[in-house]
Amino acid sequence: MTLAGKRILLIISGGIAAYKSLDLIRRLRERGAEVRPLMTRAAQEFVTPLAVGALAADHVYTDLFSREDEQDVGHIRLARDCDLICVAPATADLMARMAHGMAGDLASTVLLATNAPVLLAPAMNPAMWAHAATRRNVATLRSDGIGFIGPMAGEMAETGEAGEGRMAEPLQIVAHIEALLDDAPKPLKGKTAIVTSGPTHEPIDPVRYIANRSSGKQGHAIAASLARLGAEVTLVSGPVTLADPVGVTVVRVESAANMLDAVTAALPADIAVFVAAVADWRVATSAANKIKKKEGEGPAPLELTENPDILKTIGHHQSRPHLVVGFAAETADVVANAQAKLARKGADFIVANDVSPATGIMGGDRNRVRIVSKDGVEDWPDLSKGEVADRLAARIAKAF
Ligand code: C5P
């Protein structure tokens, strides 16, 4: 119940993405939030107040001059009695009115009267989002301290056009709200961290590459956990299909060589956690053109050469972070291998796990790890990757 007791005023303005706001209400309430819905006139053309009110289990506010509502709550109280206002979807029109301080309807009046944090999830046609007028309004709103999530790139619901303009998904909005309303202690405030995550892709030719089964779930979760404890996190990620964690700077790379460059560029840092499953070898010279299959000839030989060891390089770097953590994915002799890695790679501790196919860890949602340091071995129980990340972040915080 990450949002237990939090009061969120959800303003739904008029766009087709309003259908996603119904799910957003459910996701917020599942996490313990109280959701008070407010709909513009146009929003009611897309989803009904009946559906919104039923999901929110609250009255739906729609009119600035409703005698009933004004006696009951009033627009000023509506603006003040909440921990956060989320506008999803936020249309170009509503943003334009907000940027100019207009207050011609209930939504804009409440947005002008509030002193709660405001988060907008814009949704509109890509041409409208790219228009100079919208760019100006977004810049004004940002400088007024209004927060944004999205819009995302992808296909538009109504026209099938692709581009930037889709509303963020409900779970992304929820994660953002959780981060904004998180009042937990921040023991890593002021500290910087670098986290590597995911696999690397080592090119063979322009269309082929060598890769591995890493999903990036554990690395991304660790980046998110460190950020929740207040660290300023740079996540250097190989190719993954995961959403960017909230409150983290993400640098996307392909190969081990790119990853080392990105990590080095992010130095100095207080903390570095190397979770990526970096390919040990790359093709010595990747071909500029696609390697052709030739009739009657065997496959072209692939000559491999060793990749830089990023953990080892940073573990012995002149600007070595204060705390360096490595991972050791093994299928046998897990602890002995991790112990050998500690000194060789210059790590303070190694998170060792058994990635034999039977464990289902590689690509899965759970992990069972042992923390190997010079002080000994800690055996952690079977946990979700998110729980492993939280525990690891707490352990890192203790080291400062
Ligand atoms: O030697 P091994 O690959 O088992 O070491 C795993 C640890 O080293 C992980 O923390 C991984 O992120 C890191 N590593 C690296 N660069 C490499 C190989 C591994 O940073 N080229």
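Using Cα-Cα distances under 8 Å and only pairs 6 or more residues apart, what relative contact order does the chain have, in percent?
Numbers: 839 pairs, mean separation 43.0, N = 400.
For the chain, the relative contact order is 11 percent.
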query = How big is the Cα convex hull of region 7-181 in projection, averaged over all directions, in nm²?
reply = 9.0 nm²
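With a ≥ b ≥ c taken as the square roots of the eigenvalues of the C-alpha gyration tensor of region 293-339, please select rounded if a/c is under 1.5 and otherwise prolate if a/b is larger than b/c or oblate if it is not? Please report the intermediate quantities before stating the final value.
Numbers: a/c = 5.34, a/b = 2.01, b/c = 2.65.
Oblate is the answer for region 293-339, as a/c is 1.5 or above yet b/c matches or exceeds a/b.
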key: Overall Cα dimensions of the chain, principal axis frame, Å, largest first   = 77, 58, 40
ask   = Per the 1.4 Å probe, what fraction of the accessible area of the chain, in percent, lies on carbon and sulfur atoms?
value = 51 percent
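Students often check this: by mean Cβ neighbours within 10 Å, which of 313-321, 225-233 ranks highest, and how do the rest follow? Please list the in-between numbers first.
Working: 313-321: 16.2, 225-233: 23.6.
Ranked from most to least packed, the peptides come out as 225-233, 313-321.
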task = Throw me the Rg/Rh for region 138-259, computed over C-alpha atoms with Kirkwood Rh, two decimals.
result = 1.03
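Please calculate how many Å² of accessible area region 7-181 carries per residue, with a 1.4 Å probe and no DNA, RNA or ligand atoms counted.
Numbers: 7860 Å² over 175 residues.
With the other protein chains kept in place, region 7-181 gives 45 Å² per residue.
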remark   = In nm, the gap between the two label points placed 7 Å beyond Cα toward Cβ at residue 164 and residue 297 is 4.5 nm
message = For region 1-79 and region 261-310, what is the centre-to-centre distance using only Cα atoms, to the nearest Å?
response = 51 Å
ask   = What list of ³J(HN,Hα) couplings, whole Hz, do you get for region 378-392 from phi and the Karplus terms 6.51, -1.76, 1.60, once you set θ to phi - 60° and write x for glycine and proline?
value = 9, 9, 9, x, 5, 9, 6, 4, x, 5, 4, 4, 4, 5, 5
task = Compute the FRET efficiency between residue 132 and residue 63 as 1/(1 + (r/R0)^6), taking r as their Cβ-Cβ distance and R0 = 30 Å, and round to the nearest 0.05.
result = 0.35
remark   = 1/(1 + (r/R0)^6) with r = Cβ-Cβ of residue 143 and residue 102, R0 = 22 Å, i.e. FRET efficiency to nearest 0.05, evaluates to 0.80
query = Could you give the Stokes-Einstein D for region 192-399 in µm² per second, using the C-alpha Kirkwood radius, 4 °C, 1.567 mPa s?
reply = 74 µm²/s
key: Listed residues 139, 256, 90: farthest to the positive end of the dipole of the chain (Cβ charges)   = 256
request  = Describe numerically, in nm with one decimal, the distance between label points set 7 Å from Cα along Cα→Cβ at residue 155 and at residue 48.
outcome  = 2.8 nm
task = Check the straight Cα-Cα distances from residue 189 and name the aspartates and glutamates below 14 Å, setting aside those fewer than 8 residues away within the same chain.
result = 232, 270
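The values are calculated or read from the model by the stated rules, or taken from the named source; none is laboratory data. These figures come from a predicted structure and were not determined experimentally. Using ideal geometry, Cβ is built from the backbone for each residue, glycine included, and neighbour counts are taken over all protein chains shown. To get the accessible areas, we keep the full protein, side chains included, count just its heavy atoms, and leave off ligands, DNA and RNA. Shrake-Rupley method; radii C 1.70, N 1.55, O 1.52, S 1.80 Å.
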